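Visitor: Mind having a look at this structure? Questions to follow.
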Amino acid sequence: MTKSSNDQKTAAPSAENLASAVKAASKKGPPPVHLWNPDFCGDLDMRIARDGTWWYLGTPMGRKELVKLFSSIIRKDGEDYFLVTPVEKVGITVDDAPFVAIDFETTGEGRDQVMTFVTHVDDEAVAGPENPIRVVRDPETGEPSPYVLIRANLEALIDRKSFYRLVEIGAHEDLEGESWFGVWSSGQFFPIIPSAELDV
């Protein structure tokens, strides 16, 4: 009996088992991953590439429904990413951010502007105090990597075409005595780059 219990604990997690568990647990709405605290079951050979492509056992996952299912149970604890069900917690690799923001819509203008982002797995987030935009710049090249918070502490990398659109609707504002170029959404200004560094 003890041997059987140990065998269960050391069984390698699989994408199939995770998919079955989350389907069963999410019949009544979005999976409450923040409430689930199962034992860690090891790492799964699953990776989310920078472009949002999910890979399993070295092969890209082509079924969007399955990708959406797994994306609904991602949790970030510290700097590590996991897929969590009521009975399993497995580690996965995320190259950059777990989501990619592929588009956004705007309503209003100037300080009254509101931006709603949509991800490659159809999540939506309204940029604002609850879902801030941030831009990280490569220290060597200065290349910007813009992100928007989607849920909990999970961000989406804003894709290039969407970032160019953000720049088109940007504005200059003073922050702590320095002029910044950035965007407004939901009454909050999100800085992108110091105005002095912006190419004229």
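The values are calculated or read from the model by the stated rules, or taken from the named source; none is laboratory data. Quick caveat: nothing in here was measured; it's all calculated off a predicted structure. Cβ coordinates were reconstructed from backbone atoms using ideal geometry, including for glycine residues, and neighbour counts include every protein chain displayed. These area figures cover heavy atoms from the full protein model, side chains too; ligands, DNA and RNA do not enter into them. Shrake-Rupley method; radii C 1.70, N 1.55, O 1.52, S 1.80 Å.
Visitor: Please verify whether Asp112 is among the acidic types (Asp, Glu) and surrounded by 17 or more Cβ atoms within 10 Å (Cβ to Cβ), treating the condition exactly as stated.
Guide: Answer is no for this residue.
Visitor: Could I ask something else about it? Within the stretch 41-87, can you find the residues that are touching a residue at least 40 places away in the same chain (Cβ under 8 Å), out of contact with any Asp or Glu (no Cβ under 9 Å at 6 or more places or on another chain) and open to solvent by 90 Å² or more (accessible area, probe 1.4 Å)?
Guide: Asp43
Visitor: Would you mind stating whether Arg165 is open to solvent by 60 Å² or more (accessible area, probe 1.4 Å), at pLDDT 90 or above and under 13 Å from Phe117 (Cβ atoms)?
Guide: yes
Visitor: Here is a list: Val121, Val126, Val136. Which entry is among the β-branched types (Val, Ile, Thr) and under 11 Å from the mean Cα position of the chain (by Cα)?
Guide: Of Val121, Val126, Val136, the one residue that is among the β-branched types (Val, Ile, Thr) and under 11 Å from the mean Cα position of the chain (by Cα) is Val121.
Visitor: For the stretch 132-148, how many residues meet the condition of being open to solvent by less than 30 Å² (accessible area, probe 1.4 Å) and within 23 Å of Ile73 (Cα to Cα)? Let's see the steps before the verdict.
Guide: The initial filter retains those residues of the stretch 132-148 that are open to solvent by less than 30 Å² (accessible area, probe 1.4 Å), namely 133, 142, 145-148.
Those left that are additionally within 23 Å of Ile73 (Cα to Cα): 133, 147-148.
The total comes to 3.
Visitor: Is it true that Glu105 is without any contact (Cβ under 8 Å) to a residue 40 or more places away in the chain and assigned to a strand (DSSP E or B)?
Guide: Yes: the conditions hold for Glu105.
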